[in-house]
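*Asks:* Mind looking over this structure? Questions follow.
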Amino acid sequence: MNADRRQAQIEQLNDTDPAPQSGVLGLSDSDTSSTIASAHGVRGAADSALQEREQLMRRLEIAEAERDDLARQLDAIMTSRSWQLTSSLRAGLASYATSRARLKIALQRAWTSVRNPSLPKFRDIFIERYQSTALASNLKRLSRTADTIKEFVVPALRAPRSVAPADDAAPLILMIVFSDLRVDPRVMREARVLANAGFRVKIVYPDAMSTPEAPVVLDYGPGVEFRPLPPSAMSYLGVPPYLMGHEFLEAICEERPFAIHSHDLSTALIGLAAAGRLQVPCVCDFHEWYSENVSWDHEKAAYVQHPRPIKIAYRRVERLAMARAAAVVTVCESIASELESNFSFGRKKVHVIRNIPSSGQAPSREYASLREELNLPADKMLVLWQGGTGPSRLLEPVIESLGHYEHFVLVIRGPSLDIFGDAYREIAARAGAPDRLILLPPVPSRDVVAAAKGADCGVWTLPNLCKNFSYALPNKVFEYLYSGLPILAADYPEVRRLVDGSQVGLLFDPYDPQSIAQAVKRLHEEKGLAESMRARMPELIAELDADREWQKLVTLYQTLAKQGSTKSLRAMGRV
């Protein structure tokens, strides 16, 4: 150390100078003491800097060891058939290693500057170079990347696509989901049909519905049980890219299922990682196409396209699901075709199970006619919206259409009207029809068909913000059909194929209130139009056959249980 050499020189001079001077080299005793104290201070600062340098070097060594361990694991995985995915991951690790190498070079250069005794403020330089916010943030980011790869991606790459056939007469299917299970008909229908087929179903979910004063008790019938997790298990949904739930993953790994069923991309990576750790198959069920969906922009107070890093993360997990899931299921033909072409080059087929209501499900109670309940006059057409509310639903033009045709009443029945209801009423007031907008609370998902009785038609719309919206084929379209209601729908491909192709409704421009009003007017005034649409519905319902639609899921799991894989299945539900 330079400080040590300087101190030794001072002590040597003091020992060899016999002259009776007042201090060393003609300095006073006070000056000599000050110089020695300064030398001690310099040496202490240098020692502290050296310790911090060594700590940083140890952190880099640990990170490099983790990287080497991941590279060795990937070398083993490279022998599997998922070569495309692993080669992509290897490229990511190479970039990760390059960043580490650059940090190490910067560390060495900065330390060279620190060791230069001509820089009196070397301590400040060290702090600036090594403890800057940017460097600390970069180290944390790289550390999180390594943790994610180690905890989620590597196990997911080991998820088996085939296993030994089930030896249990009633294999356990573990469904994982983040949703309001009180009003999620797809989850309920799938759980119910599997339980009826002899499987045991357990649904694991973060319980965001209950409060200490009002706990929510769910009941899907015999054969279906629930395991609620504390709300902290969903905290990952507040951290981009909203896919990696550590607490959720550990809870799943405590179970011993025959298979894992992941609902939506929000649980897909968790389910695949658990499948890899438990060595059980995972079925990914995409209710939505996440990478082609939208994000809420708080500054613009509107939904916008996903930020690029989020979209990239979603696409990578979708590709991972297509590579490692035992089967992939989605809700319509358009999304299935896009997933196949984008992520598997047509080599892996996606099964389509549409959201068709079960024909044999009884409502929880009897419902009176909606028209009678609301005491509406016979000359007013009753247009029903039954579903979610808020900015992503594009209900504003539908409400504005009240001002373009005075012979109808719009009933909106759904959740969150305590939040969005006042804004809807203001729109109706501006349209000159405050008394023709009626807001009603939601009914249980099993009751929506029965509760629609008495309406003249059902309306469905969404904004054309993304492919996930334009490809939508939602529950409510089928629910209107089963309720015997002609359908007024936004003109999008999947809904057009059903509604216009079967002539059970009319289409409109979702952004044009006059287009919506014209569709309502035509249905109301064109003689015999509504009756002819209703007359076609029984044939269409028989063709759709809800029981056969949901039986596809039973066939998938029965094949998986008997053969250990789904390779023998052709893509189900494809046109």
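*Asks:* Just to verify a number: what accessible area does Ser162 come out at with the full protein assembly present, 1.4 Å probe, Å² rounded to tens?
*Replies:* Accessible area, nearest 10 Å²: 60 Å².
*Asks:* So which of Lys202/Lys467; Lys467/Lys521; Lys150/Lys467; Lys311/Lys562; Lys453/Lys521 end up more than 28 Å apart, counting from Cα to Cα?
*Replies:* Lys202/Lys467; Lys467/Lys521; Lys150/Lys467; Lys311/Lys562
*Asks:* What is the sum of charges around Arg430, taking Lys and Arg as +1, Asp and Glu as -1, for the other residues whose C-beta is under 11 Å from the C-beta of Arg430?
*Replies:* Local net charge: -2.
*Asks:* Residues with beta-carbon under 11 Å from that of Cys284, excluding Cys284: net charge, scoring Lys, Arg +1 and Asp, Glu -1?
*Replies:* Overall, the nearby charge balance is -2.
*Asks:* Take the solvent-accessible surface of the protein heavy atoms, probe 1.4 Å, and return the percent of it on the stretch 241-387 that carbon and sulfur atoms account for.
*Replies:* Result for the stretch 241-387: 48 percent of the exposed heavy-atom area is carbon or sulfur.
*Asks:* Report the FRET efficiency, 1/(1 + (r/R0)^6), for Glu426 and Ala214, where r is their Cβ-Cβ distance and R0 is 25 Å, rounded to 0.05.
*Replies:* After rounding to 0.05, the efficiency reads 0.20.
*Asks:* Three principal axis extents, largest first, for the C-alpha atoms of the stretch 210-300, in Å?
*Replies:* 46, 38, 23
*Asks:* Can you give me the relative contact order of the stretch 433-575 as a percent, contacts being Cα pairs under 8 Å and 6 or more apart?
*Replies:* Averaging sequence separation for qualifying contacts and normalising by length gives 16 percent for the stretch 433-575.
*Asks:* Here is a follow-up. If you plug each phi of the stretch 557-563 into the Karplus form 6.51 cos²θ - 1.76 cosθ + 1.60 with θ = phi - 60°, what whole-Hz ³J(HN,Hα) values come out, in order, with x for Gly and Pro?
*Replies:* Using θ = phi - 60°, the values come out as 6, 5, 5, 5, 5, 7, 10 Hz.
*Asks:* Which FRET efficiency value, to the nearest 0.05, do you get for Ala362 and Ile62 by plugging their Cβ-Cβ distance into 1/(1 + (r/R0)^6) with R0 = 56 Å?
*Replies:* Rounded to the nearest 0.05, the efficiency is 0.40.
*Asks:* Please list the three semi-axes, largest first and in whole Å, of the ellipsoid equivalent to the stretch 257-322, using sqrt of 5 times the eigenvalues of its alpha carbon gyration tensor.
*Replies:* For the stretch 257-322, the semi-axes come out at 28, 11, 9 Å.
*Asks:* Moving on. Under a point spin-label approximation (7 Å from Cα along Cα-to-Cβ), what is the Lys562-Arg536 distance to one decimal in nm?
*Replies:* 3.8
*Asks:* What's the ranking of 405-415, 275-285 by average number of surrounding C-beta atoms within 10 Å, highest first?
*Replies:* 275-285, 405-415
*Asks:* For a protection proxy built on the mean count of beta-carbon atoms within 10 angstrom, sort 167-177, 375-385 highest first, please.
*Replies:* 167-177, 375-385
*Asks:* Amide H of Val459: which non-local residues (sequence gap of 5 or more, or other chain) have their own amide H closer than 5 Å, using H built in the peptide plane?
*Replies:* Those qualifying (amide H under 5 Å, at least 5 residues apart or on another chain) are Leu384, Trp385, Gln386, Leu488.
*Asks:* Okay, next question. Arg186: accessible area at probe 1.4 Å, nearest 10 Å²?
*Replies:* About 10 Å², rounded to the nearest 10.
*Asks:* Right, something else. Quick one: net charge around Arg536, please, counting Lys, Arg +1 and Asp, Glu -1 for every other residue with C-beta under 14 Å from its C-beta.
*Replies:* Counting the neighbours of Arg536, the net charge comes to -3.
*Asks:* Let me check the size of the stretch 465-575 from its C-alpha atoms; what are the radius of gyration and Dmax in Å?
*Replies:* 17.6, 58
*Asks:* I'd like the projected area of the stretch 397-523, averaged over all directions, using the convex hull of its alpha carbons. Report it in nm² with one decimal.
*Replies:* Average of the hull's projected areas for the stretch 397-523 equals 7.5 nm².
*Asks:* Please list 3J(HN,Hα) in residue order for the stretch 195-201, calculated via the Karplus relation 6.51 cos²θ - 1.76 cosθ + 1.60 where θ = phi - 60°; whole Hz, with x for glycine and proline.
*Replies:* 3J(HN,Hα) across the stretch 195-201, in whole Hz: 5, 5, 8, x, 7, 8, 10.
*Asks:* Using 19 Å as the cut-off for backbone N distance, which residues of the stretch 369-395 belong to the label zone defined by a point 7 Å from the Cα of Asp418 along Cα→Cβ?
*Replies:* It comes to 387-391, nothing else.
*Asks:* Could you please put Trp296, Trp550 in sequence from largest to smallest accessible area, using a 1.4 Å probe?
*Replies:* Sorted by accessible area, descending: Trp296, Trp550.
*Asks:* Can you list the residues, at least 5 places off or on another chain, whose amide H is less than 5 Å from the amide H of Ser210, using H built in the peptide plane?
*Replies:* Sorted by chain and number, the residues that satisfy this are Val216.
*Asks:* How many angstrom separate the Cα center of the stretch 511-533 from the Cα center of the stretch 431-490?
*Replies:* 15
*Asks:* Another question about this same structure. Top to bottom by accessible area (1.4 Å), largest first, where do Asp500, Asp219, Asp512 land?
*Replies:* Output order, biggest surface exposure first: Asp219, Asp500, Asp512.
*Asks:* What does the highest-first list of 297-303, 250-256 look like by mean Cβ count within 10 Å?
*Replies:* 250-256, 297-303
*Asks:* Taking the solvent-accessible surface of protein heavy atoms with a 1.4 Å probe, what is the per residue accessible area of the stretch 453-575 in Å²?
*Replies:* Here the per-residue accessible area is 42 Å².
*Asks:* Of all accessible surface on the stretch 452-575 at a 1.4 Å probe, what whole percent is carbon and sulfur?
*Replies:* Of the solvent-accessible surface of the stretch 452-575, carbon and sulfur hold 47 percent.
The values are calculated or read from the model by the stated rules, or taken from the named source; none is laboratory data. Everything numeric here is computed off the predicted structure, so don't read it as measured data. Note: ideal-geometry Cβ built from the backbone for every residue, glycine included; neighbour counts use all protein chains shown. Ligands, DNA and RNA are stripped out before the accessible areas are found, and what is left, the full protein with its side chains, is counted by its heavy atoms. Shrake-Rupley method; radii C 1.70, N 1.55, O 1.52, S 1.80 Å.
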